[in-house]
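Comments concern the structure below.
The values are calculated or read from the model by the stated rules, or taken from the named source; none is laboratory data. A quick note: this is a predicted structure, and the numbers were derived from the prediction, not measured. In this analysis, Cβ positions are derived from the backbone assuming ideal geometry, glycine residues included, and neighbour counts consider all displayed protein chains. Ligands, DNA and RNA are excluded from the accessible area calculation, which covers all protein heavy atoms including side chains. Shrake-Rupley method; radii C 1.70, N 1.55, O 1.52, S 1.80 Å.
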Amino acid sequence: MALVSVSHLTRIFDVSKPWLNRVIERQPKALLTAVSDVSFNIEEQTVYALVGESGSGKSTIGKMLVGLLEPSTGSVDIRGVDLARETDAQKIDDVRADIQMIFQDPFASLNPRWRVRDIIAEPVAARGGHTKGLSERLLEQVGLAARDAGKFPHEFSGGQRQRICIARALASEPKLIVCDEPTSALDVSVQAQVLNLMSDLKDEFGLTYLFISHDLTVVQHMADKIGVLYLGRLVEEADPDTLFETPKHPYTQMLLAAAPQLDGFGREVIPPTGEIPDPINPPPGCAYNPRCPLAADICRTKRPELRQIGTSRVACHMVDATD
Amino acid sequence: MTPTLSIHNLTVDIPTRHGTLRPVQDVSYDIAQGEILGVVGESGAGKSMAGNAVIGLLNPPAHIASGEIHLNGTRIDHLQGDDMRRLRGKHIGMVFQDPLTSLNPLLKIGDQLTETMLAHLDISQSDARKRAIAALEEVGIPGAAQRVDSYPHQFSGGMRQRVVIALALCAEPSLIIADEPTTALDVSVQAQIIALLKRLCRDRGTAVMLITHDMGVIAEAADRVAVMYAGQLAELGPVRDVLTVPLHPYTDGLMGSTPLASRGKARLHQIPGAMPRLDTLPDGCAFHPRCPRAQADCTRNPGPTLADAQGRAACFHPLLREDVA
Amino acid sequence: MVDTPLSDSAAKDPSRLRLALQSDFIYQFKRSPVAVVSFAITLLLVLSAIFAPLIAPYDPFDPGSLNLMNGFSAPMTPNAFTGDSFWLGTDDQGRDVFSTILYGMRISLFVGAAAVAFAMVLGITLGLLAGYVGGWTETIIMRIADVQLTFPSILVAMLIFGVAKGVTPVEYRDQMAIWVLIIAIGLSDWVQFARVVRGATLVEKNKEYVAAAKLIGRTGPAIMLRHILPNVLSPVLVIATISLALAIIAEATLSFLGVGAPPTQPSLGTLIRIGQGFLFSGEWWILLFPALTLLTLALSVNLLGDWLRDALNPRLR
Ligand SMILES: Nc1ncnc2c1ncn2[C@@H]1O[C@H](COP(=O)(O)OP(=O)(O)O)[C@@H](O)[C@H]1O
Ligand SMILES: Nc1ncnc2c1ncn2[C@@H]1O[C@H](COP(=O)(O)OP(=O)(O)O)[C@@H](O)[C@H]1O
Ligand code: SF4
Ligand code: SF4
Ligand SMILES: [Mg+2]
Ligand SMILES: [Mg+2]
């Protein structure tokens, strides 16, 4: 059984103006669909990556997975427990202890007034666990020194802070870590250190990652399976080799073509057309239809289902199952 | 032919109460007409400082301590006040990471364009408006004739950056300094902006200083590349040579730590440690504490200069072609 | 987003004291004459108020030590009847003005500090709640704050004072007066604390360290107290200092109007009220010295607060 099973996950935000303004300006409620009918499974001890441009709903999915946000509809099952609907408090607590998250901004994700020792030990301390020497051990595990435990976050660089975040995430011995753009704020050489560390820890502790990123090369390096998001919808899912060699969805193809390449000297990219539509009023049918070179009439009326095509799953009317 | 921009031994100092910091040290490079020079390096390497020094936008107490800057053969590093402002608008255009900082939120974008043109070009008000619309069309703003009367906040991030490019180019400058112009943008929009910048500059023969930390962007857009480390030039040369056969160990390390499709899941190459802070710069070669090739002489002062490795890399023991191949 | 400076220093561990003394805060302090002078004066005044019983040459509230014959002595001039000389003169009952000022400052500072402390606790609690919980809680708290702001604080204080006076028995009135003053001034002052704390809380609660704490299973109160509170305190410190100056003035105003500290426990304001009765009969010192002290105290505390605000908020400079 998969460790995580996400099915028909949808999250709608009410982004209307305050009630009084709406009445005066005679505007209807504005509902923003950040995540729309997304389903995928994460197998134990694998890395599942979500890629997509900003606003595609990656963080929202991550937050629903760890329970920071509730789904509007659909469900997230972790080890068979649905966090949003489970009533047994003990079960919820057990599952929660198994999930941790690493955030993008290494500066905002550590409380500036706390010592590193207390920051790292908090997940255990909050459950009344034994924390003596814990932070020091974890600091050494993530490549920092035990004596760093007495310092404050501002004494560390971005990369070192991200290591502290990783140490905190490891403290409660979780099974699943949701990593939301963990290296997007870091320089390449530091990113390499952090990515290597994450790979090592994964092997050492048998971790499962949901790895969220907008960077295709990073995702390709880390993932066992990749889900591509566009405007809150999962448009393609495949293993990295398949996805990068034979991308099937027109959006994935566009994304791969647009990504700058280290050996793309003087490459003249045909720049992608159009922009991401407004998520409050998404286009009818396939959300990608205004930009898609293959768009046909059906694309403007009917939303494509995610279909199994070879080893991939693709949501596009025009991709042939025989491809 | 005189290069459009020529920087000689540029050094920028920031006096502080703990001593003088040197965010840019002895940097020299030229940019020819129609050429795109990519300036890469990790954050804090001094890329922006060097760019800001050229346009006279250093925030005091930072100042040019020594060196010369020539634009089309004219020395510009000592210009002050109005002279500098005129030069900025007319001869040098700027594109920054955050398009909002370059646009006045209270003015319609058409007015911002015409104002710039009227200040620097000898044309009438109605001509300026026509040219503003043409400029917006040229940077790919759909419905330019209507959008010319919109305010900056009515555009998306990518569209705003297009407006900024139109604004930077409208007085037909000979040099554009683009400081991380696509860092805040999505890949698909980034591709659009880079393609646009390349096309406009090729068409007009504008020289471009393209500052970025993204090696991929450099590979695709630049003709030559300057790699900066801790305020100094580490390597300078044609982009294909520098990226495929780097001579400086730092450039090599940077390339190795970038995830690449062809390398698959193999462990990434790690450069140990992090860039030193300006107040604790090591002696000799600033890279020596992290350098796998460092030898005893690397700590001696003065450190290496570009002349030490075929005028291309500031290194006493550059990588040999065989090592890389 | 990506362009974050790396600040990786070689590990060095100077002592905490050394660090504190080298900090930018102390450095800026030393470089600002206004800050140094106003701090020195504030410190001097506060210390002399605290140690008034040791410093004051006379105990103005010990009837046994008073000599009516010493009444209306001019400053630095020997009294016509007793030959005693007083630095700042005496009042109608022969009390040493210098001593009454020291004791009066004690009351003024105590009332001011206690009122600010009360306003702070109330404002921080309500501000944290409004910012963190949001929704109806926030609406109700902030609307009350809005209403409160439309009344001048002195009016609010007078209102509360009047009500309290009405409900306390006569014999306790003098004892109650000080506490009523504190509550009255505090109640009229919590709004700015609440507003600032709410604003800062709104910013902090969206930071990822708060999300990390939620994830761990920390509850609302724990997150508010342990995570958010320490991070919203620096603007509070600034407001508290400036509020202290205002509270001292407010107390003086109320006492001057006769609704504050009673003559048995005179504050600077009470002294000024008493003193003004003698201004036109020529005994100017009874009014002037308490008034000057009040001005100096309020001004130096206020300047200190202004400087603190600039020093803690580099973006404003
Ligand atoms: N709390 C929120 N309230 C309203 N809209 C939100 C909220 N969080 C996210 N959104 C919107 O949901 C969409 C997806 O956001 P997000 O999941 O953060 O995307 P990503 O992480 O892929 O950049 C965006 O359009 C964003 O503006
Ligand atoms: N006002 C300042 N005081 C001290 N150091 C500064 C100041 N401004 C910038 N620096 C330092 O100057 C160096 C170069 O900065 P910058 O040119 O912005 O780097 P880059 O653009 O390559 O990321 C950095 O190490 C930065 O910390
Ligand atoms: S469904 Fe139609 S519009 Fe959508 S991606 Fe496929 S071809 Fe393009
Ligand atoms: S000079 Fe020495 S330390 Fe510096 S890069 Fe070359 S080999 Fe390395
Ligand atoms: Mg996100
Ligand atoms: Mg920069």
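A few notes on this one:
- Restricting C:A145, C:A250, C:A194, C:A212 to those that are touching a Phe, Trp or Tyr at 6+ places or on another chain (Cβ under 9 Å), touching a residue at least 12 places away in the same chain (Cβ under 8 Å) and either open to solvent by 50 Å² or more (accessible area, probe 1.4 Å) or assigned to a helix (DSSP H, G or I) (or both) reduces the list to C:A145.
- Filter result for the condition that a residue is buried (at least 19 other Cβ atoms within 10 Å of the Cβ), farther than 19 Å from B:M215 by Cβ and over 23 Å from the mean Cα position of the chain (by Cα), over A:P272, A:P283: A:P272
- The condition of being within 9 Å of chain A (Cβ to nearest Cβ) and closer than 26 Å to B:D13 by Cβ holds for only one of B:R263, B:R290, that being B:R290.
- Residues that are touching a residue at least 60 places away in the same chain (Cβ under 8 Å), more than 8 Å from every other protein chain (Cβ to nearest Cβ), among the aliphatic types (A, V, I, L, M) and touching a helix residue (DSSP H, G or I) at 6+ places or on another chain (Cβ under 9 Å), drawn from region A:235-282: A:V235, A:A238, A:L243
- Yes/no for B:L200 being surrounded by fewer than 22 Cβ atoms within 10 Å (Cβ to Cβ), closer than 20 Å to B:T4 by Cβ, away from every other protein chain (no Cβ under 12 Å) and out of contact with any Gly (no Cβ under 8 Å at 6 or more places or on another chain): yes
- If you go through region B:116-137 and keep only what is among the acidic types (D, E) and in contact with a Leu (Cβ under 7 Å, 6 or more places away or on another chain), you end up with nothing.
- If you go through region A:24-68 and keep only what is within 14 Å of chain B (Cβ to nearest Cβ) and more than 8 Å from ligand 1 (Cβ to nearest atom), you end up with A:T46, A:V47, A:A49, A:V51.
- Entry remark, region A:185-232: residues being of a type in the set (G, A, S), crowded, with 23+ Cβ neighbours inside 10 Å and more than 10 Å from chain B (Cβ to nearest Cβ) number 3 in total.
- Search result, residues across region A:177-225 that are away from ligand 5 (no atom under 14 Å from the Cβ), aliphatic (A, V, I, L, M) and under 17 Å from A:T60 (Cα atoms): A:I177
- Any hit, region B:219-227, residues being part of a strand (DSSP E or B), open to solvent by less than 10 Å² (accessible area, probe 1.4 Å) and either within 11 Å of chain A (Cβ to nearest Cβ) or basic (K, R) (or both): yes
- The residues listed here are B:A195, B:A178, B:A184; of these, the one that is of a type in the set (G, A, S) and buried (at least 24 other Cβ atoms within 10 Å of the Cβ) is B:A178.
- Scope region A:206-232; condition more than 13 Å from A:V47 (Cα to Cα) and touching a Phe, Trp or Tyr at 6+ places or on another chain (Cβ under 9 Å); matching residues: A:L216, A:V228, A:Y230, A:L231
- Tally of residues being open to solvent by 40 Å² or more (accessible area, probe 1.4 Å) and either part of a strand (DSSP E or B) or not basic (K, R) (or both) across region A:33-68: 10
- Matching option when the condition is surrounded by 16 or more Cβ atoms within 10 Å (Cβ to Cβ), modelled with pLDDT of 90 or more, of a type in the set (D, E, K, R) and closer than 21 Å to B:P23 by Cα, among B:R277, B:R290: B:R290
- Those residues of region B:179-193 which are farther than 12 Å from B:G216 by Cβ and within 16 Å of ligand 6 (Cβ to nearest atom), in sequence order: B:D179, B:E180, B:P181, B:T183, B:A184, B:L185
- Test result for A:A238, more than 22 Å from B:H269 (Cα to Cα), in contact with a Leu (Cβ under 7 Å, 6 or more places away or on another chain) and small (G, A, S): no
- Applying the condition of being closer than 14 Å to B:C315 by Cβ and out of contact with any Lys or Arg (no Cβ under 7 Å at 6 or more places or on another chain) to region B:237-253 and asking which residue is farthest from the other protein chains (Cβ to nearest Cβ) yields B:H248.
- Any hit, region B:179-196, residues being assigned to a strand (DSSP E or B) and in contact (Cβ under 8 Å) with a residue 12 or more places away in the chain: yes
- Listed by first and then second residue, the pairs linking a residue in region B:266-277 that is within 11 Å of chain C (Cβ to nearest Cβ) to a residue that is open to solvent by 50 Å² or more (accessible area, probe 1.4 Å) and not in a loop (DSSP other than H, G, I, E, B), with Cβ atoms under 9 Å apart and 6 or more places separating them unless they lie on different chains, are B:G273/B:P289; B:P276/B:P289.
- For region A:270-308, filtering for residues that are β-branched (V, I, T) and either touching a Cys at 6+ places or on another chain (Cβ under 6 Å) or within 12 Å of ligand 3 (Cβ to nearest atom) (or both) leaves 2.
- Tabulated pairs, region C:266-287, first more than 15 Å from C:A252 (Cα to Cα), second open to solvent by 60 Å² or more (accessible area, probe 1.4 Å), C-beta under 7 angstrom, 6+ apart or interchain: C:E283/C:F72
- Search result, residues across region A:87-124 that are among the β-branched types (V, I, T), outside any helix (DSSP H, G or I) and open to solvent by 20 Å² or more (accessible area, probe 1.4 Å): A:T87
- Failed item, numbered, when B:L268 is tested on (1) surrounded by fewer than 18 Cβ atoms within 10 Å (Cβ to Cβ); (2) part of a loop (DSSP other than H, G, I, E, B); (3) touching a Ser or Thr at 6+ places or on another chain (Cβ under 9 Å): (1)
- Restricting region B:59-76 to residues that are β-branched (V, I, T) and in a strand (DSSP E or B) leaves a set whose member that is farthest from B:G89 (Cα to Cα) is B:I64.
- Verdict on A:V4 being hydrophobic (A, V, I, L, M, F, W, C), more than 15 Å from ligand 1 (Cβ to nearest atom), within 14 Å of chain B (Cβ to nearest Cβ) and surrounded by 15 or more Cβ atoms within 10 Å (Cβ to Cβ): no
So that you can scan it fast, the table gives a plain yes or no per residue for (1) open to solvent by 70 Å² or more (accessible area, probe 1.4 Å); (2) touching a Ser or Thr at 6+ places or on another chain (Cβ under 7 Å):
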position: B:I31; (1), (2): no, yes
position: B:G67; (1), (2): no, yes
position: B:T74; (1), (2): yes, no
position: B:R88; (1), (2): no, no
position: B:F96; (1), (2): no, yes
position: B:L100; (1), (2): yes, no
position: B:N104; (1), (2): no, no
position: B:I109; (1), (2): no, yes
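- Residue that is farthest from ligand 2 (Cβ to nearest atom), among those in region B:228-254 that are part of a helix (DSSP H, G or I) and among the hydroxyl-bearing types (S, T, Y): B:T244
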